[in-house]
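What follows draws every value from the coordinates through simple rules; no lab data is involved. Owing to the predicted nature of the structure, the values given are computational and were not obtained by experimental measurement. Positions of Cβ are backbone-derived with ideal geometry, glycine not excepted, and every protein chain shown enters the neighbour counts.
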Amino acid sequence: MLLSKTTNRALYGVLALLSLIGVGIVVRRTFNLIPILASGYHLPEASSSAIASKFGQVDAIFVHYPILTLIHIIPGLLFVGLGPFQFSLKIRRRNPKWHRRSGRIFMMSALVIGVTALIMSFFVPSIGGFNQAAATTMFSLFFLFALFKAFRHILQRNSLLHREWIIRAYSIGLAVTSIRLINAVFFCDQFSHWFNAQ
Ligand code: HEM
């Protein structure tokens, strides 16, 4: 299906925004975990801000799993960083070699993300409890399935089906990262008061 220039631009805009959110959450979590790996965990000072203390509660979960979390999120950076370029028709046409090379890195990163997401769904206490763990398990499984299908289709040189399945995998990856933005909104006390009042 051919999209108009405007629709194409709008889609790339959304893609860029979601990728930036992905980069943001990875950078924040990495800066949070590196000092813990380097010098151990020290209880942070209690904050008077409600939002800061809620972020602190989430941070307190990941400090117990720094290596697993980093193995999940560093490939996440490659995934969101390379994704938009993999979908560019211009790059694919002008430099198919680059597309294949970066595609291998993208697929490897995605595989690591999917496997670690599955492990984390079972072993890292879920912020949203059982419902969230069930959702992330389902997302991880479908993500891995979509990757497998995309890989199989490209081995069979069926680039149309490869494209369809990689779009599915990519959408799940970006959806999971953008959910952080929604979480952040619910984290704000002002918003929860507003919602409770409705
Ligand atoms: C199939 C896709 C994905 C699934 C199912 C998934 C699942 C998970 C799970 C289960 C956790 C443990 C914490 C929690 O319960 O929220 C987690 C943490 C995390 N994930 Fe993923 N993830 C996926 C993709 C990604 C991608 C593509 C990125 C990076 C852009 C990413 C970045 C993070 C970060 C930064 C954390 C640490 C918690 C935080 O700071 O928000 N994830 N993920």
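Here's the list of lysines a cross-link from K97 could span, going by alpha-carbon distance under 24 Å and ignoring same-chain residues fewer than 8 apart: K149. State, as an integer percentage, the relative contact order of the chain based on alpha-carbon contacts under 8 Å between residues 6 or more apart. Normalised by residue count, the contact order of the chain is 23 percent. Per-residue Karplus couplings for segment 100-112, computed as 6.51 cos²θ - 1.76 cosθ + 1.60 with θ equal to phi - 60°, are listed in order as 5, 5, 5, x, 5, 4, 4, 5, 5, 4, 4, 4, 4 Hz, Gly and Pro entered as x.
Assuming R0 = 35 Å, can you tell me the calculated FRET efficiency for the pair K90 and F122, based on Cβ-Cβ distance, to the nearest 0.05? After rounding to 0.05, the efficiency reads 0.25. Residues in segment 19-29 carry Karplus couplings, in order, of 5, 4, 4, x, 4, x, 5, 5, 4, 4, 5 Hz; the curve used is 6.51 cos²θ - 1.76 cosθ + 1.60 with θ = phi - 60°, and Gly or Pro positions show x. Based on Cα contacts under 8 Å between residues 6+ apart, segment 88-144 shows a relative contact order of 32 percent. Expressed in Å, the radius of gyration and Dmax of the Cα atoms of the chain are 18.8, 58.
On full extension, the segment bounded by A50 and R9 gains 10.9 nm, given 0.36 nm per residue less the C-alpha separation.
Working note: Karplus 6.51/-1.76/1.60 with θ = phi - 60° gives segment 120-136 the couplings 5, 4, 8, 9, 9, x, 7, 4, x, x, 4, 4, 5, 4, 5, 5, 5 Hz, where Gly and Pro are set to x.
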